[in-house]
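Trainee: Below you'll find the structure I mean.
Bear in mind that the values in this text are calculations on the coordinates, not laboratory data. Quick caveat: nothing in here was measured; it's all calculated off a predicted structure. As a convention, Cβ positions derive from the backbone with ideal geometry for all residues, glycine included, and neighbour counts pool all protein chains shown.
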Amino acid sequence: MHENQSSSHSDLPLTSLAPNSRVVAAGRPARTEDAGVNTPIDLNSTYIAPGQVGYGRYGNQTWSALEEAISSLEGGETLVYASGMAAISAMLSILPKGAVIVASRNGYTGTMALLKKAQDSGMAEVRYVDIADTQEVLQEIKGAMLLWIESPTNPALEVADLPTIIAAAKSINVGVAVDNTFATPMVQQPLELGADVVIHSLTKYISGHSDVILGSISTRDSALYGRLSDVRKLAGAIPGPFECWIALRGIRTLGLRMERAQSNALELARRLESHPAIERVRYPGLPNDPHHATAASFMKGFGAVVSFEVKGGPEAADRVCQASRLVAFATSLGGVESLWERRHRWSAESPTIPTNLVRLSVGIEDVEDLWRDIDQALQMPSRE
Ligand SMILES: Cc1ncc(COP(=O)(O)O)c(C=O)c1O
């Protein structure tokens, strides 16, 4: 659904509402007598003909409701996928053979693996850049087909100057895709800045409860939307209606969750900064973080992931992660519950990421409870 259309449940235009209201109002059934206030879980593989949908791989009203809710925040039209990786694969699959892609040197390991595979097989030529180095990005995008941006990056938390690099890319006809998983549309809206597509792992903040795997692509380009829609039909990476319903329930509270998680993250980052067991804290909300000025210039928040390097190396970092009682030792991010892990426990993590780096996804618990738990876990290395 286009963002300038009305919410489906009333004639109130979504654009007249603030994001916190849009995300509650979008994707509801029409307000007819005794209609439910929530879109049902549409468990059908086929539909009576003739009709708009036709078959369960082509469309589903629960997907559409979730797509409408995401579109209400990002703008444009949205397609939901079976995972964030399915969305990223769909996007890369429509590029012509040999396409030049400019991408961040650091980023989610799955995306990095996919880019490497595209490069190794000759499907694409990938030029890796420091996405926070605007001059380097401006230099490398010349003659490229796509600028692939993840910002803030996972897990180094580097911040790209989106307004500058998107405008520069568009001025020379380079396509721009932004993975907005870490920031969420509550913090930055890349389509507003001119990006062609925005991608999400809905698994993270948008669903928000660590209970589904889903992804999405949003775009304002109707031709591109049509191509991606065809690819989804044929490749079949469709989401399950139940998962979409869960995500739709989660997205209603995205604004509230982000507010709380971000304020917790800033407070914890400040305290971690002066903790004797910590070597370095990365959080764009900290005034002396190298990415603070860029983030503060256009983002409406700093996200809720904090990365930090533990004194004593990887063994010390592992002991810290295993010593928490409230923060769960688990991968992923974006849920109401705080999670952490040492990223290099995964062999796929990039060698540019320090081996003692812990990524903390800050949840919505009471910040004092979180700090007590983190502080007691950080005592572990020195006790050994
Ligand atoms: C930034 C980012 N993009 C994409 C993905 C992939 O999403 P999914 O696990 O939903 O496939 C992840 C997963 O962690 C991620 O962190």
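Trainee: Considering segment 263-303, what Rg and Dmax in Å follow from its alpha-carbon atoms?
Mentor: Cα-based Rg and Dmax for segment 263-303 come out at 10.4, 33 Å.
Trainee: 7 Å from Cα along Cα→Cβ at both Tyr58 and Lys233: what's the point-to-point distance in nm?
Mentor: Here the modelled spin labels are 0.6 nm apart.
Trainee: Follow-up. Per residue of the chain, what 222 nm ellipticity follows from adding -39500 (n - 2.57) for every DSSP H run with n ≥ 4, rounded to the nearest 500? Show your work: numbers first, answer last.
Mentor: Numbers: 13 runs with 138 residues, N = 384.
Calculated from helices alone, the mean residue ellipticity at 222 nm is -11000 deg cm²/dmol.
Trainee: Given the alpha-carbon gyration tensor of segment 31-132, what are the semi-axes of its equivalent ellipsoid in whole angstrom, ordered largest first, with each equal to the square root of 5 times an eigenvalue? Intermediate values should be presented prior to the final figure.
Mentor: On the way: eigenvalues 275, 58, 24 Å².
The equivalent ellipsoid of segment 31-132 has semi-axes of 37, 17, 11 Å.
Trainee: Let me ask something else about it. What's the magnitude of the charge dipole for segment 178-296 around its Cα centre, counting Lys and Arg as +1 and Asp and Glu as -1 at the beta-carbon? Answer in Debye, nearest 20.
Mentor: Details: 13 positive and 12 negative charges, 50 e Å.
Dipole size: approximately 240 debye.
Trainee: Over what distance in Å are the Cα centres of segment 10-28 and segment 311-375 separated?
Mentor: So the separation of the two Cα centres works out to 36 Å.
Trainee: For Val336, what charge total do you get from the other residues with a beta carbon under 11 Å from its beta carbon, if Lys and Arg give +1 and Asp and Glu give -1? Each step should come with its number before you reach the end.
Mentor: On the way: positive: Arg257, Arg260; negative: Asp211, Glu337, Glu365.
Charge balance near Val336 sits at -1.
Trainee: Could you name the lysines in cross-link range of Lys97, using Cα to Cα under 24 Å and dropping any fewer than eight places away on the same chain?
Mentor: Lys116, Lys117, Lys142, Lys170, Lys233
Trainee: Same structure again: For the chain, build the charge dipole from Cβ charges (+1 Lys, Arg; -1 Asp, Glu) around the Cα centre, then report which of Trp340, Ile238, Pro152 sits farthest towards its positive end.
Mentor: Going by the charge dipole, the pick is Ile238.
Trainee: About the Cα centre of segment 230-383, what is the dipole size in debye to 20, counting +1 per Lys and Arg Cβ and -1 per Asp and Glu Cβ, all else neutral? Spell out each step's value before the answer.
Mentor: Details: 20 positive and 19 negative charges, 58 e Å.
The dipole magnitude comes to about 280 debye.
Trainee: Put +1 on the Cβ of every Lys and Arg and -1 on every Asp and Glu Cβ in segment 254-383; which of Val327, Met258, Pro276 then has its Cα farthest towards the positive end of the dipole?
Mentor: Value computed over the given set: Pro276.
Trainee: Looking at the chain only, what percent of DSSP beta bridges run antiparallel? Nearest 5 please. Before the final figure, lay out the partial values.
Mentor: Numbers: 25 of 44 bridges.
About 55 percent, rounded to the nearest 5.
Trainee: Next question. Give, rounded to the nearest 20 debye, the magnitude of the charge dipole that the chain has about its Cα centre when Lys and Arg contribute +1 at Cβ and Asp and Glu contribute -1 at Cβ. All intermediate terms of the calculation are to be shown ahead of the outcome.
Mentor: Numbers: 34 positive and 43 negative charges, 97 e Å.
So the dipole magnitude of the chain works out to roughly 460 debye.
Trainee: Something else: What percent of all Cα-Cα pairs in segment 67-185 falls into each 5 Å bin, going from 0 up to the bin containing the maximum distance?
Mentor: 2, 11, 22, 24, 22, 15, 4, 0
Trainee: What residue among Ser210, Leu17, Tyr225 has its Cα farthest toward the positive end of the dipole of segment 14-251, where the charges are +1 on Lys, Arg and -1 on Asp, Glu, each on the Cβ?
Mentor: Positive-most Cα among the choices belongs to Tyr225.
Trainee: Tell me, what is a quarter of the convex hull surface for the C-alpha atoms of segment 232-340, in nm² with one decimal? Kindly include the intermediate steps, with their values, before the conclusion.
Mentor: Numbers: hull surface 39.6 nm².
That works out to 9.9 nm², a quarter of the Cα hull's surface.
Trainee: Quote the relative contact order of segment 257-384 in percent (integer), defining contacts as alpha-carbon pairs under 8 Å separated by 6+ residues.
Mentor: 28
Trainee: Now for a different question. I need two numbers for the chain: Rg to one decimal and Dmax as a whole number, Cα atoms only, in Å.
Mentor: Expressed in Å, the Cα Rg and Dmax of the chain come to 20.9, 71.
Trainee: Give me the net charge of Gly59's neighbourhood, meaning all other residues with Cβ under 12 Å from the Cβ of Gly59; Lys, Arg count +1, Asp, Glu -1. Walk me through the intermediate numbers first.
Mentor: Details: positive: Arg57, Arg232, Lys233; negative: Asp42, Glu67.
Taking every Cβ under 12 Å from that of Gly59, the sum is +1.
Trainee: What are the ³J(HN,Hα) couplings of segment 239-247, residue after residue, when phi is run through the Karplus curve with 6.51, -1.76, 1.60 and θ = phi - 60°? Round to Hz, x for glycine and proline.
Mentor: Each residue's phi maps through the Karplus curve to give x, x, x, 5, 4, 5, 5, 4, 5 Hz.
Trainee: Pulled fully out, how much extra length does the chain show between Glu315 and Ile172, if you take 0.36 nm times their separation in residues and subtract their Cα-Cα distance? Don't skip to the end; give the middle numbers.
Mentor: On the way: separation 143, 0.36 × 143 = 51.48 nm, distance 4.75 nm.
Stretched out fully, the Glu315 to Ile172 stretch lengthens by 46.7 nm.
Trainee: Ratio to report: Rg/Rh of segment 180-297, with Cα atoms as the point set and Rh obtained by the Kirkwood method; give two decimals. Intermediate values should be presented prior to the final figure.
Mentor: Numbers: Rg = 17.6 Å, Rh = 16.6 Å.
Rounded to two decimals, Rg over Rh is 1.06.
Trainee: Still on this model: What number comes out for the charge environment of Glu349, summing +1 per Lys or Arg and -1 per Asp or Glu over other residues with Cβ under 12 Å away?
Mentor: Numbers: positive: Arg342, Arg343, Arg345, Arg359; negative: Glu341.
With Lys, Arg at +1 and Asp, Glu at -1, the net is +3.
Trainee: Something else about it: If the viscosity is 0.890 mPa s and the temperature 25 °C, what Stokes-Einstein diffusion coefficient in µm²/s follows for segment 308-348 when Rh is the Kirkwood radius over Cα pairs? Provide the component values of the computation, followed by the final result.
Mentor: Values: Rh = 10.8 Å.
Result for D is 226 µm²/s.
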